[in-house]
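One structure is given here, and the rest of the page talks about it.
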Amino acid sequence: QVQLVESGGGLVQAGGSLRLSCAASGSILSINAMGWYRQGPGKQRELVAVITSGGNTNYADSAKGRFTIARDNAKNTVYLQMNSLKPDDTAVYYCNADVTLTYYRGGGNYWGQGTQVTVSS
């Protein structure tokens with residue numbers, strides 16, 4: 001019932017920037033939180049950044065000072081501005097949304113398909 005459409009991944013050189021976007025659609029009554037996770041080769045999936053409906057944000061230590069998460073509630077969209085990228089940032093980035101559904105008024109958690117971010121030296 002809920003789809004997350006991601007865009008903005010790609011290949012950049014170290015020190016460069018990317019802006020990821022994720023738009024949620026479907027049977028959504030409200031979005032409680034949206035965020036970004038990533039999984040590098042041979043690593044576990046980890047939280048990068050999350051933003052709640054109230055505007056509270058959380059960042060991984062590795063992202064603090066370099067990444068900024070923002071939202072557009074009217075468009076059910078979350079953005080991740082990634083600056084000063086490092087090779088260690090190379091990973092598949094996944095959008096995640098925690099929502100309240102319209103039909104059941106129950107909770108749901110959904111993932112995007114993932115978008116590749118590759119940072120070269």
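The values are calculated or read from the model by the stated rules, or taken from the named source; none is laboratory data. Everything numeric here is computed off the predicted structure, so don't read it as measured data. Positions of Cβ are generated from backbone atoms using ideal geometry, with glycine treated the same way; all protein chains shown enter the neighbour counts. Accessible surface areas use protein heavy atoms only, side chains included; no ligands, DNA or RNA. Shrake-Rupley method; radii C 1.70, N 1.55, O 1.52, S 1.80 Å.
Filtered by the rule that a residue be in a loop (DSSP other than H, G, I, E, B) and either among the polar types (S, T, N, Q) or open to solvent by less than 50 Å² (accessible area, probe 1.4 Å) (or both), the stretch 23-42 gives Ser27, Gly40. Scan the stretch 50-66 for residues that are more than 18 Å from Val99 (Cβ to Cβ) and open to solvent by less than 40 Å² (accessible area, probe 1.4 Å) and jot them down. Of everything in the stretch 50-66, those that are more than 18 Å from Val99 (Cβ to Cβ) and open to solvent by less than 40 Å² (accessible area, probe 1.4 Å) turn out to be Ala60, Ala63, Arg66. Comparison of Leu85, Leu11, Leu20 shows that the only residue that is aliphatic (A, V, I, L, M) and in a loop (DSSP other than H, G, I, E, B) is Leu85.
This table checks each residue for (1) open to solvent by less than 40 Å² (accessible area, probe 1.4 Å); (2) within 17 Å of the chain's Cα centre (by Cα); (3) farther than 28 Å from Leu29 by Cα.
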{"residue": "Val78", "(1), (2), (3)": "yes, yes, no"}
{"residue": "Asp98", "(1), (2), (3)": "no, yes, no"}
{"residue": "Gly107", "(1), (2), (3)": "no, no, no"}
{"residue": "Gly112", "(1), (2), (3)": "yes, yes, no"}
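For the stretch 67-76, taking the residues that are assigned to a strand (DSSP E or B) and open to solvent by 50 Å² or more (accessible area, probe 1.4 Å), the one that is farthest from Ile51 (Cα to Cα) is identified as Thr68. For the condition in a loop (DSSP other than H, G, I, E, B), of a type outside the set (D, E, K, R) and at pLDDT below 95, Gly108 does not qualify. With respect to Arg45, determine if the residue is touching a Gly at 6+ places or on another chain (Cβ under 6 Å), open to solvent by 40 Å² or more (accessible area, probe 1.4 Å) and over 14 Å from Tyr110 (Cα atoms). It is false that Arg45 is touching a Gly at 6+ places or on another chain (Cβ under 6 Å), open to solvent by 40 Å² or more (accessible area, probe 1.4 Å) and over 14 Å from Tyr110 (Cα atoms).
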